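J.: Just passing along the structure, written as structure tokens.
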Amino acid sequence: QYTLQVEQVSTDSDLYRLRLERNRQAARAAFGWLTRHRPDVIVLPNGTILEFGVLYQVARFLDIPVVTYEFGEQRQRIWLARNAEVMRQQTDDLWQARKDRPLTEQQQAQVRELFAARQRASLWENFARRWQGAPSEGGARVRQALNLDERPVVLLATNVIGDSLTLGRQVFSDSMTEWLERTTQFFASRPEVQFVIRIHPGELITKGPSVADVVLRALGKTDPAELPKHIHMIPADGKVNTYDLVEIADLGLVYTTTVGMEMAMSGTPVMAVGNTHYRGKGFTLDPQTWEGYFELLNQVLAQPGQYRLTRQQVEDAWHYAYRFFFDYPHAFPWHVTRIWPDVEEWPLRRVLSDEGQQAFAHSFRYLSGEAVVW
């Protein structure tokens, strides 16, 4: 799945057999070594994919503590998880500890500025990624550009197929692909609704199949021009700002993309159908079965205004967003994508100084197996 960035795998393929052989070799080696030596803790990148995932599973089988880590888009920040796969971004303990702690004015300003930067398609502070390729032009302009009328608008914001933030995240579907197929087929027979599919810009730098291929195949089409007039598919390089689409959407559908959380921050009702970190936090619609999913879709489409988020839900979404972006990542001197500039700025001597210890000591304690104290 991860190597080819696909969800559907042939167990007869050469690559599958190669990975199975290598994973078994890694499992046997890990089992033998860990059984003999039983370290106090294992520090492991990712914990889900390739041999990293194998070592994680063996260690947990032997009840040996594991700390998994990964790097997001922020410089001098690291994601950490204790006895869990870090890419699952488990924030339950963080949210439970801090959800009743009101944000300060400075914290509120921070998250507002970050959200504004994401809308403007600009960089902000230590975030190294632009989330949009086109700046916001407003909801009215995007309606005009896509020729949308007053019928309800449903926005489906996609993930990249095969990304480790999506693999194994199904709640009631077999995969994200199956969810995309069945959802597209549902809306194909609903011309009273305008269905907008926003393909993730990340597809421009990946090699797996496109969501566009899934959508076309689901409807028996070969060209986007053949799609029903009420279905609009915006390609990965489309010059449309996703936040303009959020502004006009009556309902959002997401698998695990962070856009779902940001829809809730805008007051738009959103269904989170994959096992994403913000699902179940009180500001999303969380179907548990296919039957419940389609029933909920019909209910929201019949009276979309009644499902707009309450003021409290919107405030909770903003509060959660702050905790996720600013509390969940831990301070760390070096980032994998800019290691040498970071080492130059934070050589080991400086990291071990009083200044460095004040900034990073807690992260190194968590890396060495101490429980995170939120």
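J.: Out of the residues in the range 349-366 meeting the condition of being hydrophobic (A, V, I, L, M, F, W, C) and touching a Phe, Trp or Tyr at 6+ places or on another chain (Cβ under 7 Å), tell me which one is farthest from Glu73 (Cα to Cα).
T.: That would be Val351.
J.: Which ones in the range 266-281 are at pLDDT below 95 and open to solvent by 10 Å² or more (accessible area, probe 1.4 Å)?
T.: Listed by number, the list holds a single entry, Ser266.
J.: Of the residues in the range 349-374, how many are part of a helix (DSSP H, G or I) and either surrounded by 11 or more Cβ atoms within 10 Å (Cβ to Cβ) or touching a Gly at 6+ places or on another chain (Cβ under 9 Å) (or both)?
T.: Residues in the range 349-374 being part of a helix (DSSP H, G or I) and either surrounded by 11 or more Cβ atoms within 10 Å (Cβ to Cβ) or touching a Gly at 6+ places or on another chain (Cβ under 9 Å) (or both): 15 in total.
J.: Quick one: count up the residues across the range 313-348 that are in a helix (DSSP H, G or I) and within 25 Å of Thr91 (Cα to Cα). Before the answer, list the steps.
T.: Residues of the range 313-348 in a helix (DSSP H, G or I): 313-327, 336-345, 348.
Imposing the further condition that a residue be within 25 Å of Thr91 (Cα to Cα) reduces the set to 313-327, 336-337.
Counting residues in the range 313-348 that are in a helix (DSSP H, G or I) and within 25 Å of Thr91 (Cα to Cα) gives 17.
J.: Shifting gears a bit: What pairs come out if I take residues in the range 351-374 that are under 14 Å from Pro333 (Cα atoms) and pair them with residues that are of a type in the set (Ser, Thr, Tyr) whose C-beta lies under 7 Å away, six or more apart or interchain?
T.: Correct list of pairs: Leu367/Tyr69.
J.: Check Thr222 against each of (1) buried (at least 17 other Cβ atoms within 10 Å of the Cβ); (2) free of Cβ contacts under 8 Å to residues at least 12 places away in the same chain and name the one condition it does not meet.
T.: (1)
J.: Going through the range 191-216 one residue at a time, which ones are open to solvent by 50 Å² or more (accessible area, probe 1.4 Å) and at pLDDT 95 or above?
T.: Listed by number, the residues that qualify are Pro191, Glu192.
J.: Identify all residues within the range 320-348 that are closer than 15 Å to Ile78 by Cα, surrounded by 17 or more Cβ atoms within 10 Å (Cβ to Cβ) and under 23 Å from the mean Cα position of the chain (by Cα); write none if there are none.
T.: If the condition is that a residue be closer than 15 Å to Ile78 by Cα, surrounded by 17 or more Cβ atoms within 10 Å (Cβ to Cβ) and under 23 Å from the mean Cα position of the chain (by Cα), then Arg323, Phe324, Phe325, Tyr328, Pro329, His330, Phe332, Trp334, His335 are the ones that fit.
J.: Still on this structure: If you go through the range 282-301 one residue at a time, do you hit one that is among the polar types (S, T, N, Q), buried (at least 17 other Cβ atoms within 10 Å of the Cβ) and modelled with pLDDT of 95 or more?
T.: yes
J.: Out of the residues in the range 237-255 meeting the condition of being open to solvent by 10 Å² or more (accessible area, probe 1.4 Å) and in contact with a strand residue (DSSP E or B) (Cβ under 7 Å, 6 or more places away or on another chain), tell me which one is farthest from Thr284 (Cα to Cα).
T.: Val240
J.: So, in the range 31-68, of the ones that are open to solvent by 60 Å² or more (accessible area, probe 1.4 Å) and touching a strand residue (DSSP E or B) at 6+ places or on another chain (Cβ under 6 Å), which residue ends up farthest from Asp163 (Cα to Cα)?
T.: Val43
The values are calculated or read from the model by the stated rules, or taken from the named source; none is laboratory data. Predicted, not measured: the structure shown is a model, and the values here were computed from it. Positions of Cβ are backbone-derived with ideal geometry, glycine not excepted, and every protein chain shown enters the neighbour counts. These area figures cover heavy atoms from the full protein model, side chains too; ligands, DNA and RNA do not enter into them. Shrake-Rupley method; radii C 1.70, N 1.55, O 1.52, S 1.80 Å.
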